[in-house]
Amino acid sequence: MNDKIISLISGVIFGIGLVISGMTNPEKVLGFLSITHNWDASLIFVMGGAILAFAPFFFLLKNKEVSALGAKIELPEKQNIDNKLLIGSALFGVGWGLVGLCPGPAIAALATFDPIVIVFLVSMAAGVLAKKNIIK
Amino acid sequence: MHNFTPVSALIGGVIIGLSVVLYFYTTGRLAGISGIFENAISNTSLRLSNTLFLIGLVIGPLLIYNIILPNNPIAFEITNSYLLIIPGGFLVGFGTRLGGGCTSGHGICGIGRLSVNSMIATALFVATGIITVFVLQQLGVYL
């Protein structure tokens, strides 16, 4: 039960941060990716602020056995840099540049009630499920 | 294109970071949105709690724009046609799951943990994003 309430609250806070940062606006994100024309560096400050807030806590907490709610601490296993990481990330970047939306802002942008967001999210779900079914 | 807004970007970024801290401290999991999205649309034990996270992601902006700033609509400008939205969405879904993360999972959580893999992933998706925008600009798609 607690896990579910905390997930909801974390999502609310994450969504507030996204909308304040301006990243729910695709044009703003494309402005960051447009380095040769009217470059908008704001996204660096969003990522930088989030990393600065998270990193110290992470190193304080990462060696604990269990979380505050008694759950197992789950960290990604160390993996080699493989083709999946490289090809997947490269493809993600192409999609990101085509639209200006990545998963978090795309979901938060449902709050605009713009139907184009639903089209994007259905296409994104299709991509997720395609990967899940094609590649182990 | 838009003006540089470092202050609101930094404040928003810190709030996102604090959400990631709260989520990690309490649940022991990293808040990577593409993974949360995959769990929410798959049959996993985390389906309900991850769906609630995504619902929160929508409630947050609604709270800000209905209660705190009731007269300002959420800025959302998109000039693309469906010809770009549909393949774009598909590539974001496919690519993030193949690469194991998105802007939050690799970009924030991964770099925050000093993961070399995540630093490489982030550099790559920013690079291909920049190339994609550049090519579209040359083709006259974006101004």
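No value in this document is a laboratory result; all are computed from the given coordinates. What you see is a predicted model, and the numbers here were worked out from it, not measured in a lab. Please note: Cβ atoms are built from the backbone with ideal geometry, for glycine as well, and neighbour counts cover all protein chains shown.
Remarks
- By the rule of a C-alpha distance below 24 Å, with chain neighbours fewer than 8 residues away ignored, the lysines paired with A:LYS62 are A:LYS4, A:LYS72, A:LYS78.
- Temperature 25 °C, viscosity 0.890 mPa s: under these conditions the Stokes-Einstein estimate for chain B, based on its Kirkwood radius over C-alpha pairs, is 141 µm² per second.
- Helical runs (DSSP H, four residues minimum) scored at -39500 (n - 2.57) apiece and divided by the length of chain A put the mean residue ellipticity at 222 nm at -22000 deg cm²/dmol.
- Its Cα centre serving as origin, the range A:1-123 has a Cβ charge dipole (Lys and Arg +1, Asp and Glu -1) of approximately 240 debye.
- The helix-based estimate of mean residue ellipticity at 222 nm for chain B, built from -39,500 (n - 2.57) per DSSP H run of four or more residues and divided by its residue count, is -21000 deg cm²/dmol to the nearest 500.
- When each of A:ASP114, A:ASP82 is scored by the number of other beta-carbon atoms lying within 10 Å, the sequence from fewest to most is A:ASP82, A:ASP114.
- The range B:1-76 has equivalent-ellipsoid semi-axes of 27, 16, 12 Å, by the square roots of 5 times the alpha carbon gyration tensor eigenvalues, sorted largest first.
- Top positive-direction residue, dipole computed over the protein assembly as shown with Cβ charges, set B:PHE53, A:VAL128, B:SER42: B:SER42
- Our summary gives the range B:64-123 a relative contact order of 17 percent, counting only alpha carbon pairs under 8 angstrom and 6 or more residues apart.
- Residue order, fewest to most surrounding Cβ atoms within 10 angstrom, among B:SER42, B:SER118: B:SER42, B:SER118
- What you get for the protein assembly as shown, charging only the Cβ of Lys and Arg (+1) and of Asp and Glu (-1), is a dipole of about 660 debye around the Cα centre.
- Sites matching trypsin sites (Lys or Arg not before Pro) across the range A:40-120 that sit in DSSP coil, with at most 14 neighbouring C-beta atoms within 10 Å: A:LYS62, A:LYS64, A:LYS78
- Three-way shape call for chain A based on the alpha-carbon gyration tensor, with the a/c threshold at 1.5: rounded
- The protein assembly as shown: projected area of the alpha-carbon convex hull, averaged over directions, in nm²: 13.6 nm²
- Entry note, chain B: relative contact order of 23 percent, from Cα contacts under 8 Å with a spacing of 6+ residues.
- Pairwise centroid distance, computed over Cα atoms, of the range A:58-127 with the range B:31-89, Å: 11 Å
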